[in-house]
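Notes to accompany the following structure.
The values are calculated or read from the model by the stated rules, or taken from the named source; none is laboratory data. As the structure is a computational prediction, the values presented were derived from the model and not from experiment. Every residue, glycine as well, gets a Cβ built from its backbone with ideal geometry; the counts of neighbours run over all protein chains shown. Note: accessible area is taken over every heavy atom of the protein model, side chains too, but ligands, DNA and RNA are not part of it. Shrake-Rupley method; radii C 1.70, N 1.55, O 1.52, S 1.80 Å.
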Amino acid sequence: MADYLMREQAPLSQEQWEQIDHTVVETAQQFLVGRRFIPIYGPLGAGMQTIINNVFGGIGDATVDAMGEAESSPVVIETRRAELLPMLYKDFRLNWRDIEASRQLGIPLDLGPAAAAAYTVALAEDRLIFHGTADAAGLLNLERRTRSKLGNWGEMGAAFESVVAATAQLIANGFPGPYAVITSPQLYAAMTRVFGNTGVLEIEQVRQLATAGVFQTPILDENQALVVSTGRQNMDLAVAQDLTTAFLETTSMSHSFRVFEIVALRVKRPGAVCTLE
């Protein structure tokens with residue numbers, strides 16, 4: 001285990017650390033949304049502090065030629081920028097008496113504090129992905145993103161029509177999918193109704209277009225939604241250190257820990273993201 005995690009200095013057994021790791025990862029997986037459709041690049045190592053983000057151009061048709069002698073337009077890097085790999089973290093404490101009771105009685109530790117910390121870090125990751133940071137844009141505020149009309153999803157069929165329009169626009173711009181749709185919980189709920197006289201929920205119709213998945217996240221505001229053409233050629237999540245837990249210190253017989261990760265979103269083709277506005 002890495003020295004910077006200082007786990008050997010904590011008053012925990014190997015089994016207790018395994019319980020913490022399982023709780024943290026399991027909790028985060030329940031809430032993380034961005035990772036469900038964005039490929040992972042890494043891990044790169046916790047010491048990495050910056051990452052190169054290349055924005056591509058020249059993505060057109062491939063050349064077809066019998067001898068390979070015809071001129072071909074290469075994929076080119078239009079812009080290259082070094083971006084910060086920020087640390088996302090939340091601390092929690094375990095009381096020494098709880099740890100001692102677990103050891104003496106052979107009962108599991110109450111790891112609710114660790115789960116709560118993992119939950120907040122998961123939300124922070126999705127907030128970084130969708131809203132960005134002070135140093136880098138998120139999917140919702142990319143300068144060169146595609147835009148389409150949201151419409152009134154309170155009306156029957158409006159959600160399906162707006163996703164159809166967004167995917168048509170992405171296709172026209174050279175982003176053929178597969179597509180993921182991400183909405184606020186309120187807009188997601190609006191899709192869970194029967195679509196016309198079909199006997200099928202409207203969200204199932206949307207899933208026919210969004211084969212990479214239809215997701216909801218509380219990170220989005222009430223009337224926010226987007227359609228994303230997925231794939232490593234369009235974006236990835238650079239991971240220096242994946243979600244883990246470190247021991248910090250003991251103060252007044254309470255033991256402090258930190259759930260953290262080091263990640264950054266890299267959007268290589270901003271036009272692959274279509275916000276519904």
Failed condition for THR250, given (1) in contact with a strand residue (DSSP E or B) (Cβ under 8 Å, 6 or more places away or on another chain); (2) under 24 Å from VAL181 (Cβ atoms), with all others met?
(2)
Just the residues that are surrounded by fewer than 17 Cβ atoms within 10 Å (Cβ to Cβ), outside any helix (DSSP H, G or I) and touching a residue at least 40 places away in the same chain (Cβ under 8 Å), please, taken from the stretch 94-114.
ASN95, PRO108
Quick one: count up the residues across the stretch 194-221 that are free of Cβ contacts under 8 Å to residues at least 12 places away in the same chain and part of a strand (DSSP E or B).
2
Can you tell me which of (1) part of a helix (DSSP H, G or I); (2) within 19 Å of SER254 (Cα to Cα) is the one ASP21 doesn't meet?
(2)
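Residue-by-condition table, conditions (1) crowded, with 21+ Cβ neighbours inside 10 Å; (2) of a type outside the set (Gly, Ala, Ser); (3) without any contact (Cβ under 8 Å) to a residue 60 or more places away in the chain:
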residue: ALA225; (1), (2), (3): yes, no, no
residue: GLN233; (1), (2), (3): no, yes, no
residue: LEU237; (1), (2), (3): no, yes, no
residue: ASP242; (1), (2), (3): no, yes, no
residue: THR245; (1), (2), (3): yes, yes, no
residue: LEU248; (1), (2), (3): no, yes, no
residue: ILE262; (1), (2), (3): yes, yes, no
residue: GLY271; (1), (2), (3): no, no, no
I'd like the full set of residues that are assigned to a loop (DSSP other than H, G, I, E, B), closer than 30 Å to ILE52 by Cβ and open to solvent by less than 60 Å² (accessible area, probe 1.4 Å), limited to the stretch 127-172.
ALA136, GLY138, LEU142, ARG145
Just name the residue that is least open to solvent (accessible area, probe 1.4 Å) out of those in the stretch 70-93 that are modelled with pLDDT of 90 or more and not in a strand (DSSP E or B).
LEU85
